[in-house]
Amino acid sequence: LTAERCAPGLVVFSVLGDMSQETGVPIDEMQIEGSGLAFVVYPQAIAKLPVAPLFALLFFTMLLCLGLDSEFSMVETILTAVDDAGVGQNYPRAVKAAAACLAMFGVGLLFVTRGGLHWLELVDGYAANLTLFIVGGVECLAVGWVYGA
């Protein structure tokens, strides 16, 4: 494992331990799981730092940059697939990019409703698992086809 994968876990669980120590509630009884780890534990840790508002600004700026970076990669993937399929050849690339961003914005509005965290858990759990199942099945079919099974 690399340091960038170990460090967040170290931060989360050390802050969870500190929160457990302060409140007197055992860690296994704390109701923090899933996306709550990032949106409850990290702000709690940042609040304990010296110059907390500066670190909070830096942390959430980092989250914004990560989101924008993910958006760029998703839009480029969609545009490449659309261009390769020959769909919308009459439209300039900027119009297709704007349409993709608008569609993703519309889907993203679902996650800022009152049930947004529930939708996030559903999409995170089922979309990832279903995708892995489909990719694994296609790989099995490809290996069977290549080796004549």
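The values are calculated or read from the model by the stated rules, or taken from the named source; none is laboratory data. All values reported here derive from a predicted model rather than from experimental measurement. Neighbour counts are summed over all protein chains in view; Cβ atoms, including those assigned to glycine, are modelled from backbone coordinates with ideal geometry. The accessibility values were calculated without ligands, DNA or RNA, using every heavy atom of the protein model including side chains. Shrake-Rupley method; radii C 1.70, N 1.55, O 1.52, S 1.80 Å.
In units of the compact-protein estimate 2.2 N^0.38 Å, segment 1-90 shows a Cα radius of gyration of 1.58. Quick one: among GLU71, GLU121, GLU22, which has the greatest mean-square fluctuation in a GNM of the chain with alpha-carbon springs under 10 angstrom? Per the Cα network of the chain with a 10 Å cutoff, GLU22 tops the list.
Per residue, the average separation of C-alpha pairs within less than 8 Å and at least 6 apart gives segment 35-149 a relative contact order of 16 percent. Of MET74, MET19, the order by accessible heavy-atom surface (1.4 Å probe, DNA, RNA and ligands excluded), from most exposed downward, is MET74, MET19.
Can you compute the equivalent ellipsoid semi-axes for segment 68-149, i.e. the square root of 5 times each eigenvalue of the Cα gyration tensor, sorted largest first and rounded to whole Å?
Numbers: eigenvalues 168, 114, 15 Å².
After diagonalising the Cα gyration tensor, the semi-axes are 29, 24, 9 Å.
Membrane-span-like helices in the chain, defined purely by DSSP H runs whose alpha carbon atoms cover 30 Å or more axially and whose average Kyte-Doolittle hydropathy reaches 0.0, are 52-85.
Summing Lys and Arg as +1 and Asp and Glu as -1 over all other residues whose Cβ lies under 9 Å from the Cβ of SER35 gives a net charge of -3. If you plug the beta carbon distance of ARG114 and PHE60 into 1/(1 + (r/R0)^6) with R0 = 25 Å, you get a FRET efficiency near 0.70.
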